[in-house]
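Here is the structure we will look at.
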Amino acid sequence: MNIALLSEKYTPDIGGLAISTERLARLLTSAGYAVRVFCPSSNLLPSEKRTLTHSGVSVTRFGAHKRMDDTLVDWFELIVVEHKREPFDVLHAYFLTQAGFIATYAGKDLNIPSVVSIRGNDIERAAFDPSRFSHTMYALQNASAVTTNASELVKKAKAFVDREIILIPNGVDTEHFKPMERNELLAETLGLNEGKKKEERYSVVGFVGELREKKGLKTLLSAYTLVNKKHPVALLIVGEVRSGEDKKVFDEFQITNLQLPIIVTGYISPGDLPVYYSLIDVFVHPSLRDGMPNAVLEAMACEKAVIATPVGGILDVLEDGKNGVIVNVNDVNMLAEKIQELLVNAEKRISLGKNARELIVSRFTPAKELEANLEIYRKLGISL
């Protein structure tokens with residue numbers, strides 16, 4: 001089976017979409033299928049194309065134009081040309097809007113099945129963007145199959161169109177993301193032990209990913225300030241703060257709170273993340289909107305005590321008080337209170353973490369994610 005996987009992001013691009021697209025590509029490749037990824041890139045000149053093999057997956061990036069319609073034309077024509085050279089059995093898009101539209105349209109034009117996977121931010125915002133709404137509706141109405149990774153997103157997709165939306169949760173490699181002893185050398189390197197005896201080290205509140213408004217940037221910073229008034233704690237951001245307005249807000253916060261220990265690591269590859277999770281005492285993910293956050297699943301697999309908001313797929317994985325803690329969206333005081341409660345209660349942190357990993361190991365595995373996608377291909381009449 002020859003699969004064309006279309007996505008707007010692919011590693012080393014930042015974000016959950018890139019990580020999830022790579023995970024599916026590698027899963028399909030490891031199962032013996034030929035996968036070709038097609039992804040626009042702002043790092044290439046318009047109409048420039050570059051193909052590299054990454055972990056056994058052929059990844060073709062092509063230069064994006066300033067105008068989205070020009071980029072979409074190039075994307076469509078690239079798929080048509082590559083299909084004539086080496087026919088695809090299925091076009092699978094990760095992200096509903098641009099990628100989903102191209103996969104669906106090209107599938108109709110080439111008479112091959114198309115699968116569109118809703119990831120979160122696409123369905124959450126597309127309805128409010130007139131420039132993307134028609135592409136969204138076309139993909140939802142005409143794709144051979146539509147999937148998503150969260151129950152809440154199934155409900156939202158059905159508000160657009162009356163058709164089957166197949167739920168396929170993200171999987172996480174629990175052999176890679178697993179509990180481990182705190183890496184003291186890394187902690188020392190990052191300054192988490194600076195000026196502290198070992199028994200007096202900073203407690204660490206951690207966030208993993210690209211911190212921005214959608215991920216609860218302001219709520220997190222405000223809650224962190226409140227916690228520090230009662231409990232000396234470091235804030236570890238494993239990743240980056242999105243450039244632009246979000247970075248401006250973050251920089252202004254740091255300037256006015258120079259006494260607070262805040263560490264921003266910069267981009268960390270998924271392969272290196274587990275050791276960073278080992279440093280975190282309480283993992284926080286106070287999103288305003290979301291799909292099925294990879295970071296939450298990873299933290300749970302690493303037996304971390306997780307605090308998150310009830311958005312997107314969070315409620316598919318977190319049961320408040322059993323394997324994590326749920327806080328209201330934009331509720332600074334509640335977030336600070338729950339962080340403080342967990343910081344002073346190691347027994348509770350351990351209990352939540354163990355229950356969290358147990359759930360991930362039983363229900364959110366890469367094998368289940370792979371099989372669910374293969375079952376869709378079978379139902380579409382594709383010979384595996």
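The values are calculated or read from the model by the stated rules, or taken from the named source; none is laboratory data. Because the structure is predicted, anything quoted here is derived from the model rather than measured. Cβ coordinates were reconstructed from backbone atoms using ideal geometry, including for glycine residues, and neighbour counts include every protein chain displayed. What goes into the accessible areas is simple: the full protein's heavy atoms, side chains included, and nothing from ligands, DNA or RNA. Shrake-Rupley method; radii C 1.70, N 1.55, O 1.52, S 1.80 Å.
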* So which residues in segment 280-328 are β-branched (Val, Ile, Thr) and open to solvent by 10 Å² or more (accessible area, probe 1.4 Å), if there are any at all? -> 311, 325, 326
* Qualifying position, being touching a residue at least 60 places away in the same chain (Cβ under 8 Å), loosely packed, with under 15 Cβ neighbours inside 10 Å and within 28 Å of residue 333 (Cα to Cα), among 215, 230 -> 230
* Structure fact -> Scanning segment 24-63 residue by residue, those within 20 Å of residue 371 (Cβ to Cβ), in contact (Cβ under 8 Å) with a residue 24 or more places away in the chain and either open to solvent by 40 Å² or more (accessible area, probe 1.4 Å) or not in a helix (DSSP H, G or I) (or both) turn out to be 26, 30, 31, 33, 34, 35, 56, 57
* Determine whether residue 335 is buried (at least 16 other Cβ atoms within 10 Å of the Cβ), under 30 Å from residue 225 (Cβ atoms) and more than 23 Å from the chain's Cα centre (by Cα). => no
* Structure fact -> Per the filter on segment 143-181, residues in contact with a strand residue (DSSP E or B) (Cβ under 8 Å, 6 or more places away or on another chain) and among the small types (Gly, Ala, Ser) are 143, 144, 145, 150, 151, 157
* Structure fact -> Picked from segment 122-151 (must be in contact (Cβ under 8 Å) with a residue 60 or more places away in the chain and of a type in the set (A, V, I, L, M, F, W, C)), the residue nearest to residue 101 (Cα to Cα) is 145
* To do: Mind counting the residues in segment 180-195 that are surrounded by 15 or more Cβ atoms within 10 Å (Cβ to Cβ), farther than 21 Å from residue 221 by Cβ and modelled with pLDDT under 90?
  => 1
* State whether one or more residues within segment 152-175 are polar (S, T, N, Q), in contact (Cβ under 8 Å) with a residue 12 or more places away in the chain and either open to solvent by 50 Å² or more (accessible area, probe 1.4 Å) or in a helix (DSSP H, G or I) (or both). => no
* **Among (1) touching a residue at least 12 places away in the same chain (Cβ under 8 Å); (2) within 22 Å of residue 178 (Cα to Cα) - the single one residue 320 does not satisfy** => (1)
* **Index of the failed condition, residue 87 passing every other in (1) within 22 Å of residue 13 (Cβ to Cβ); (2) surrounded by fewer than 21 Cβ atoms within 10 Å (Cβ to Cβ)** => (1)
* Asked: Do we find a residue being surrounded by 16 or more Cβ atoms within 10 Å (Cβ to Cβ), in contact with a strand residue (DSSP E or B) (Cβ under 8 Å, 6 or more places away or on another chain), among the hydrophobic types (A, V, I, L, M, F, W, C) and not in a helix (DSSP H, G or I) anywhere in segment 117-125?
  -> yes
* Asked: If you go through segment 266-290 one residue at a time, how many are within 14 Å of residue 216 (Cα to Cα) and of a type outside the set (D, E, K, R)?
  -> 6
* **Given (1) part of a strand (DSSP E or B); (2) among the polar types (S, T, N, Q); (3) out of contact with any helix residue (DSSP H, G or I) (no Cβ under 8 Å at 6 or more places or on another chain), index of the condition residue 21 fails** => (1)
